[in-house]
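K.L.:
One structure, pasted below without further comment.
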Amino acid sequence: MSTAESQRRIRRKRRAAGLCVRCDQPAKDSLCSACKRNNTYHNKHLAYHARRAAGVCVRCGEDSNGRTLCPGCTVWKAERRAALLAATREPLRLSERQPGDAYYRCAWCGEFKCEQPLKLCSGCQAEYQEMMAGMPAEMGD
């Protein structure tokens, strides 16, 4: 018996028993949820490389003249990247800081309100103190 035939027989037995044909875990279909998720990722990976080899846009599948992205998707990616960079840019750069400016992120709310790193801003500090006041002493330590 060849390896392919023995594997086919094992898959049939697992399927009949209601198990995943890959990992032998209980499954409603032929694959459990973890194997389905992995299979979906694998298929997307294969589709990306097939589109790349064919010379079409890896995002939408249109002709891209041998580039990875077509002109429309290139513009979309540039706009998206610019928006993400603008959202994460620190509002106060080193050259713009004045003495006494708060330029560290609060550990709770993430706003640039702290004068020291890894601290809470005054609003979050008050909220934290209020929350801790209502807890039993052994939990607050």
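So that you can scan it fast, the table gives a plain yes or no per residue for (1) on the phi > 0 side of the Ramachandran plot; (2) touching a helix residue (DSSP H, G or I) at 6+ places or on another chain (Cβ under 6 Å):
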{"position": "R22", "(1), (2)": "no, yes"}
{"position": "K36", "(1), (2)": "no, no"}
{"position": "A47", "(1), (2)": "no, no"}
{"position": "G55", "(1), (2)": "yes, no"}
{"position": "R59", "(1), (2)": "no, yes"}
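K.L.:
Of all residues in segment 7-50, how many are assigned to a loop (DSSP other than H, G, I, E, B) and either among the hydrophobic types (A, V, I, L, M, F, W, C) or closer than 30 Å to R67 by Cβ (or both)?
P.N.:
Count: 7.
K.L.:
Within segment 116-141, work out how many residues are modelled with pLDDT of 70 or more and either assigned to a helix (DSSP H, G or I) or surrounded by 10 or more Cβ atoms within 10 Å (Cβ to Cβ) (or both).
P.N.:
15
K.L.:
Looking at segment 43-53, is at least one residue within 19 Å of K77 (Cα to Cα) and in contact (Cβ under 8 Å) with a residue 12 or more places away in the chain?
P.N.:
Scanning segment 43-53, I find at least one residue that is within 19 Å of K77 (Cα to Cα) and in contact (Cβ under 8 Å) with a residue 12 or more places away in the chain, so the answer is yes.
K.L.:
What are the pairs, 6+ residues apart or on separate chains, where a residue within segment 3-32 that is without any contact (Cβ under 8 Å) to a residue 12 or more places away in the chain has its Cβ under 9 Å from a residue that is among the small types (G, A, S) and not in a loop (DSSP other than H, G, I, E, B)?
P.N.:
Within 9 Å, the pairs are Q25/A34; A27/S33.
K.L.:
Please pick out the residue among R67, R81 that is of a type in the set (K, R), over 30 Å from E111 (Cβ atoms) and at pLDDT below 90.
P.N.:
R67
The values are calculated or read from the model by the stated rules, or taken from the named source; none is laboratory data. Everything quoted here is computed from the prediction, not taken from an experiment. Here Cβ is always computed from backbone atoms with ideal geometry, including for glycine, and neighbour counts include all displayed protein chains.
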